[in-house]
Amino acid sequence: MTFQSFEYAALLLAVFAAYWFLPRRGQNALLLIASYVFYAYVDPRLALLLGGYTIVSYLAARAIDSDRKHARLYLVLAVLASLGALGFFKYAGFFVSNMAIVLDSIGLASFDSTLKIILPVGISFYTFQSMSYTIDVYRGHAAPLRSFIDFACFVSMFPQLVAGPIERASNLLPQFERSRKFRPDQVASGLSLLSWGLFKKLVIADNVGVIVDRIFSTSEPGAAMLWVGVFAFGIQILADFSGYTDIARGSARLLGIDLSPNFRHPWLASSPADFWRRWHITLTQWLRDYLYRPLKRSLGWSVAVATFTTLTLAGLWHGA
């Protein structure tokens, strides 16, 4: 189910119509049900994976808080489980198919790679989001939630489930814990943001994408045409990704929930460092706080090595 589909519009409208007649707990329960309907729409098995992530992170955080003596062990097990699942779905098929090619190239017995693994949509995002919660509880930056439903909403809330933003527990969890009242100004703002996101995605990104595809599919494009393709792709990818973010933030705002901004005019950046403070902000901040700074501070790595390692792992996070 994509944001620009009629199915998504129907789901959001149905949730919105019932949402504001319910108390806080009812709102969260409805949001959780809608999130799993959204995620399981293509393949119901994906809901089992999402539920597994939720249960592991929830139990790990409770264990860390109640048994500080073994807190590091619980954290390591939770992180390994999350990253193990992510690595399997991202890379298992890649490694098996390439192993078959390698064996065939050196004259050894090869095999037909029949391993077909569906890559769960959004797994990269909810892996990092659930991990950040467990790490924050371990660090003492967040208290473990008692309400499983509230926490499940944090992991699976459907507007930001498949493309971010990657939310922190400190920003999103308190919004699920407090009552939310209908505010016309907030709804108007949400509709405006959602409409602007759809415009960027459907009108700008999709139409510029046609130009980009034609240029790069040309057999012998000239230098001028290639430069047009480069700049056009810059417009396409920003409009596409930030459009999805705006749709997510607008949808959530209709339900009284504010998500973090994810883009801040990145092509106006004054330097590469400034660019990474403007592009996919929640991801770069996650990498900074949970990877780069620990590598640099705890292990004493140099800036260059910590930066190189962080960006390498960020590339692996995106996939093979």
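The values are calculated or read from the model by the stated rules, or taken from the named source; none is laboratory data. Note that the coordinates shown come from a computational prediction; the quantities given were computed from them, not determined experimentally. Neighbour counts are summed over all protein chains in view; Cβ atoms, including those assigned to glycine, are modelled from backbone coordinates with ideal geometry. Heads up: the accessible areas ignore ligands, DNA and RNA and are worked out on the full protein's heavy atoms, side chains in. Shrake-Rupley method; radii C 1.70, N 1.55, O 1.52, S 1.80 Å.
Computed values, structure above
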{"item": "Candidate set from segment 157-172 (those that are open to solvent by 10 Å² or more (accessible area, probe 1.4 Å) and of a type outside the set (Gly, Ala, Ser)); member that is modelled with the lowest pLDDT", "result": "Val162"}
{"item": "Residue within segment 142-156 that is modelled with pLDDT of 90 or more, within 15 Å of the chain's Cα centre (by Cα) and either open to solvent by 20 Å² or more (accessible area, probe 1.4 Å) or polar (S, T, N, Q) (or both) present", "result": "yes"}
{"item": "Given (1) farther than 30 Å from Gly140 by Cβ; (2) among the hydrophobic types (A, V, I, L, M, F, W, C); (3) open to solvent by less than 90 Å² (accessible area, probe 1.4 Å); (4) within 21 Å of the chain's Cα centre (by Cα), number of the condition Ile211 does not satisfy", "result": "(4)"}
{"item": "Residues of segment 175-194 satisfying the condition of being within 14 Å of Ile247 (Cα to Cα) and either surrounded by 13 or more Cβ atoms within 10 Å (Cβ to Cβ) or at pLDDT below 95 (or both)", "result": "Val187, Ser189, Gly190, Leu191, Ser192, Leu193, Leu194"}
{"item": "Positions within segment 270-301 being within 23 Å of Ile135 (Cα to Cα) and loosely packed, with under 13 Cβ neighbours inside 10 Å, in sequence order", "result": "Arg297, Ser298, Leu299, Gly300"}
{"item": "Residue, least open to solvent (accessible area, probe 1.4 Å), within segment 223-269, restricted to residues that are β-branched (Val, Ile, Thr) and without any contact (Cβ under 8 Å) to a residue 60 or more places away in the chain", "result": "Ile237"}
{"item": "Odd one out for Val137, checked against (1) outside any loop (DSSP other than H, G, I, E, B); (2) among the hydrophobic types (A, V, I, L, M, F, W, C); (3) open to solvent by 30 Å² or more (accessible area, probe 1.4 Å); (4) closer than 30 Å to Lys69 by Cα", "result": "(3)"}
{"item": "Flag for Trp227 being in a loop (DSSP other than H, G, I, E, B) and of a type in the set (Phe, Trp, Tyr)", "result": "no"}
{"item": "Residue list for segment 25-44, filter: over 19 Å from Pro159 (Cβ atoms) and either touching a residue at least 24 places away in the same chain (Cβ under 8 Å) or within 18 Å of the chain's Cα centre (by Cα) (or both)", "result": "Arg25, Asp43"}
{"item": "Number of positions in segment 140-164 that are in contact with a Gly (Cβ under 9 Å, 6 or more places away or on another chain) and assigned to a loop (DSSP other than H, G, I, E, B)", "result": "4"}
